[in-house]
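Read the structure below first, then the notes.
Any read-out appearing in this document is the output of simple, stated calculations on the displayed coordinates, not a laboratory observation. Keep in mind that what you see is a predicted model, and the values were worked out from it rather than measured. A quick note on method: Cβ atoms are made from the backbone with ideal geometry, for glycine too, and the neighbour counts reach across all protein chains shown.
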Amino acid sequence: MKHDDDTSLDRRQALKCAAWAGSGLVWTLNGGVPASSLVGSAEAAATGLSFVQISDSHIGFNKPANPNPNATLTEAIGKIGQLPNKPAFMIHAGDITHLSKPGEFDDADQLIGAARLDVHYVPGEHDVIDENNGAAYLARYGKLSQGKGWYSFDHGGAHFIGLVNVYNLKAGGMGNLGAEQLAWLAGDLKPRSASTPIVVFAHLPLWTIAAEWGWGTQDSAEALKLLARFGSVTVLNGHIHQIAQKVEGNMTFHTARSTAFPQPAPGSAPAPGPQLVPADQLRALLGLSSVRLAHGKQPLAIVDSTLAG
Amino acid sequence: MKKLVLFAAACAFALAPRLSLAAGEITVGIDNFAFTPAEITVKAGTKVVFVNHDDIPHNVVAQAIKLHSRALDTDDSFSFVFDKPGEVVYFCGLHPMMKGKITVTP
């Protein structure tokens, strides 16, 4: 595929701004259209497709880092209801529950259902620790999926792919997609033209953020190779309970905040567990992402907003 | 003779608990995403109890001996008797960077 260098430079610059605006919003604004206009896609804000991503709701968690994740999930769903343009659908990037218990899935379904949006799920490692190794998740959310829960769909001219990277993890390694899923992905992408915008979502990051904490996916390079010929690829992940962004060529990587509790930045703590912060600061570290998909050469605008303010 | 038998019985009685202690029970904690201690040496027949002290669930997986514990929530424990001499490497199936090794002696 030919690349127009100027376009790709503009795109990179625009995305750098998007990243900056997104992180700037963490403390100052309450998400939505302003950031879209910051990255020069004000028209897209009015006409483009938008969807919303939440992640890591950990329903069932009850430790000091957040004794009531139901309440913070409810607040996140409330924020989604207030978005000026109704999102087309919601993506949940996994760790819906804390312990894969039926009651936790029930509570999550009820709270998330209040958004009255179609929700596309992928499992986190916390969603597949029932006695039957993920059967509960698949029975509930995986009816139309392949293998362990992967699937794709089209919306608004873009192709969306939900991948599963929380099974069969190897000692010392990170996330795992596996040969069966990679073969399916190759087949799924094959008939699509390089100009189709691609949005991939999975729980564990598909780029290595902190190998020592397992924040990456062992065989993600093979998936990214299959995606390399596409002009616009957006990769949305969860798991790390904080925002991390990277732009590499035509690929934009983004991890969302949790709706339940924050986790430390890599290198800032001995282990990646729940981070206890003063109660009045918690909501500034939890949140959701809304994504606008512009047509033409505009990059996707990802706007992160917190539950605070 | 009777004395000798009694003496032998007393010895056996005295030794028995020590032997069972040597092949008895040992605890491996799970703290801050690490098995603690990460490496232990035990006698065959020892029961190893894994106790999770983290706010996040963990499990214990040792593929070579087909060991796959359920997920352990905070303060949950899982025990397994290691009865075959040899080295058993294991890890957390949820956080595979967490690794440990148990050397089982005859």
Going fewest to most other Cβ atoms within 10 Å around each Cβ, B:Phe82, A:Phe89, A:Phe261 line up as A:Phe89, B:Phe82, A:Phe261
Going fewest to most other Cβ atoms within 10 Å around each Cβ, A:Thr259, A:Thr306 line up as A:Thr306, A:Thr259
Length gained, A:Glu180-A:Leu276, 0.36 nm per residue minus C-alpha separation, equals 30.7 nm
For the table A:Lys190/A:Lys225; A:Lys148/B:Lys66; B:Lys66/B:Lys101; B:Lys47/B:Lys84, the rows whose alpha-carbon distance is greater than 18 Å are A:Lys148/B:Lys66
Each label sits 7 Å from Cα toward the beta-carbon; between A:His155 and B:Lys66 the label points are separated, in nm, by 4.3 nm
Once both label points are put 7 Å beyond Cα along the C-beta direction, the A:Lys225-B:Asn32 separation in nm becomes 3.9 nm
With the dipole of the range A:168-309 defined by +1 on each Lys or Arg Cβ and -1 on each Asp or Glu Cβ, the option from A:Ala260, A:Pro191, A:Ala279 whose Cα lies farthest towards the positive pole is A:Pro191
For A:Glu125, B:Glu25, ascending order of other Cβ atoms within 10 Å (fewest first) is B:Glu25, A:Glu125
For the range B:24-105, whose charge dipole is built from +1 on Lys and Arg Cβ atoms and -1 on Asp and Glu Cβ atoms, the candidate among B:Pro57, B:Ala38, B:Leu72 with its Cα farthest towards the positive end is B:Ala38
